[in-house]
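Student: The structure is given below, and queries will be raised subsequently.
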Amino acid sequence: MQRRIYLFIVCLIMSVTACTKSDNPNNSVSSSSVAVEKSPAPDVSVASIANGSTLKLSDLKGKVVLLNFWATWCPPCREEIPSMMKLNSLMAGKPFQMVAISIDEGGKPAIESFFKETGFFLPTYLDASGTSTKSYGVTGVPESFIIDKQGVLVKKIIGGFAWDSPEAVSFIEGLMK
């Protein structure tokens, strides 16, 4: 009986850690083309939902980048958004850029509706081609990547995270030096 309870808890934790969507065509990646820690971050271009402008990751050299893949339907994503909003606020005026890439199939209307309904907001981008999810080897959401000022991927985090924790803030500020 105890073994069943233990197995149930392990399965529950694994299912909450990150969301996957098996019918997402962007989930199939080649291991040879996936972003690797301590290597240059793959350059991708994404479109802002705010104004449609294109953002190239390589244009952000000189800034620490939090690149986050998320979806409105993902419970761990929803849980980490308030901490991401707080982090973004704490980093205002510093060499920092948050890039939240939504994988929602409903695109801009789904995201705007979600933000209106929840009161949340992130600097959100779309990648219609799916190039960014492939380049970063994203298999579920949330998945986050911290990129230093030189454009090197320093950390990959799978699952929800407390971005406003003192440890996270200190780590990101340390990369700004």
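Derivation of every value follows stated rules applied to the coordinates shown; laboratory data play no part. Just so it is clear, the structure is predicted and the values come from calculations on it, not from any experiment. For neighbour counting, all protein chains shown are included, and Cβ atoms are generated from backbone atoms with ideal geometry for every residue, glycine included.
Student: Using label points projected 7 Å from each Cα along Cα→Cβ, tell me how many nm separate LEU90 and LYS56, to one decimal.
Tutor: Taking the simple label geometry, LEU90 and LYS56 are separated by 3.2 nm.
Student: From zero outward in steps of 5 Å, how is the percent of C-alpha pairs of the range 19-176 spread across the bins?
Tutor: Bins of 5 Å from zero give 2, 9, 20, 24, 23, 15, 6, 1 percent of pairs.
Student: Here's another thing I want to ask about it. Starting from the amide H of VAL152, placed 1.01 Å from N in the peptide plane, find each other amide H under 5 Å away whose residue is 5 or more places distant or on another chain.
Tutor: Here ALA41 satisfy the definition.
Student: What does the charge add up to near LYS155, with Lys and Arg as +1, Asp and Glu as -1, over the other residues with Cβ less than 10 Å from its Cβ?
Tutor: 0
Student: What is the gain in length, in nm to one decimal, between THR118 and GLU167 on full extension, counting 0.36 nm per residue of separation less the C-alpha to C-alpha distance?
Tutor: Contour length minus Cα-Cα distance gives 14.9 nm.
Student: Under 12 Å from the Cβ of LEU175, count the other residues' Cβ atoms, weight Lys and Arg +1, Asp and Glu -1, and hand me the total.
Tutor: Within the 12 Å Cβ shell, the charges total +3.
Student: Ok, one more. Starting from 0.36 nm per residue, how many nanometres of slack lie between ASP43 and VAL154 once their C-alpha separation is accounted for?
Tutor: 38.5 nm
Student: Distance between Cα centroids, the range 130-177 to the range 59-113: provide it in whole Å.
Tutor: 11 Å
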